[in-house]
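Peer 1: The structure is given below, and queries will be raised subsequently.
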Amino acid sequence: MTPAPVVATEDLTKIYRHQVAVDHLTFSVNEGEIFGFLGPNGAGKTTTLLMLLGLTEPTGGRARILGIDPAREPIKVKARVGYLQENMGFYSDLTARQMLRFVAELNGIGRQAAEARIDNALTEVGLADEGPPKKIAAFSRGMRQRLGIAELLIRDARVAFLDEPTLGLDPDATQRISDLIQRLAREQRMTILLSSHQLHQVQKICDRVGIMIKGRMVANGPIDQLAREKFGVDREEFTLEEIYMKYFLEG
Ligand SMILES: Nc1ncnc2c1ncn2[C@@H]1O[C@H](COP(=O)(O)OP(=O)(O)OP(=O)(O)O)[C@@H](O)[C@H]1O
Ligand SMILES: [Mg+2]
């Protein structure tokens, strides 16, 4: 028997006034999978993530995260899911370590265990060798993204929704974050929904991609399968960007 998917939606729909943002969306993501959630600006990706987190109510259909309905039990869902937003709002007056101590405390992790975990998380994301401690207010964009991932590690989230995690990062930081995302999936079986326009990165790390256009998922599968569907050959010949553009132009 195959295990139940960690993230699942069925006919999930969101209508803002007269604007259909998400239109009968049905898809699922399995444990330990890295799912690339793609689509043009305004396709409905962020709206979908907000419904999955219980931050906005669906107009129709249903969603389940680890078997929990986010519309009914949003707090339970938020305790198990990490959400890395584009603009991470942190307590700017703290250092990274102080912020992570706070997160550990909120999650009921004891002091000693917390320090070990914080050391490990800061090393993992490459924030350990930053010299004298800096307040988060003085963090660069890349440092904030890394801190967001460190927070996921401290909380031991089972599921992570990453909205553009490497946007604006330098090549080295992008590589580090990509490697880290892959390790979280492989070693900790974390389930990852990665929304990004950086298709080159997506192609390297995602097991499967979904392409959303105008609220509907027009493609869903491993990249080589999508290449076959659109071009009749597999991914050796085509980049994800070429495949994406073909779906995009054909609607
Ligand atoms: N609070 C809101 N009220 C009204 N319309 C909204 C609201 N939030 C989003 N929309 C609309 O819903 C549609 C989907 O937006 P959404 O933010 O989900 O797109 P997206 O795929 O995340 O795009 P991007 O790649 O630009 O982040 C858009 O047409 C947007 O204008
Ligand atoms: Mg968005």
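Peer 1: Given points 7 Å out from each Cα along the Cα-Cβ axis, report the E187 to Q112 separation in nanometres with one decimal.
Peer 2: 2.4 nm
Peer 1: What length, rounded to one decimal in nm, is gained on full extension from L167 through to Q98, with 0.36 nm per residue of separation minus their alpha-carbon distance?
Peer 2: That works out to 22.3 nm of additional length.
Peer 1: Another question about this same structure. For the pairs K76/K214; K45/K78; K204/K246; K76/K135; K45/K134, flag any whose C-alpha to C-alpha distance is greater than 24 Å.
Peer 2: In this structure, K76/K214; K76/K135; K45/K134 lie more than 24 Å apart at Cα.
Peer 1: Still on this structure, please answer the following. If you place +1 on the Cβ of every Lys and Arg, -1 on the Cβ of every Asp and Glu, and leave all else neutral, what size is the dipole of region 7-250 about its Cα centre, to the nearest 20 Debye?
Peer 2: 700 debye
Peer 1: Can I ask one more? Between H200 and N120, how high is the FRET efficiency from 1/(1 + (r/R0)^6) when r is the Cβ-Cβ distance and R₀ = 41 Å? Nearest 0.05.
Peer 2: It comes to 0.90.
Peer 1: Still on this model: Which longest run of the chain has no exposed loop site in it, a site being trypsin sites (Lys or Arg not before Pro) in a DSSP loop with at most 15 other beta carbons within 10 Å, and the site itself not part of the run?
Peer 2: 73-133
Peer 1: I've got another one for you. For region 1-32 and region 164-202, what is the separation of their Cα centres, given in Å?
Peer 2: 22 Å
Peer 1: How far, in nm, would the chain grow between Q225 and E10 when pulled straight, counting 0.36 nm per residue and subtracting the alpha carbon separation?
Peer 2: Stretched out fully, the Q225 to E10 stretch lengthens by 75.1 nm.
Peer 1: Oh, and also: Okay, helix-only estimate at 222 nm for the chain: each DSSP H run of n ≥ 4 adds -39500 (n - 2.57), divide by all residues, round to 500 deg cm²/dmol; what do you get?
Peer 2: About -12000 deg cm²/dmol.
Peer 1: Taking the Cα-to-Cβ direction at V218 and at E105 and moving 7 Å from each Cα, how far apart do the two end points lie in nm?
Peer 2: 5.0 nm
Here, each number is a calculation from the coordinates, and none is a lab measurement. Keep in mind the model is a prediction, meaning the values are calculated, not measured. Glycine also receives a Cβ, built like all others from the backbone with ideal geometry; neighbour counts cover every protein chain displayed.
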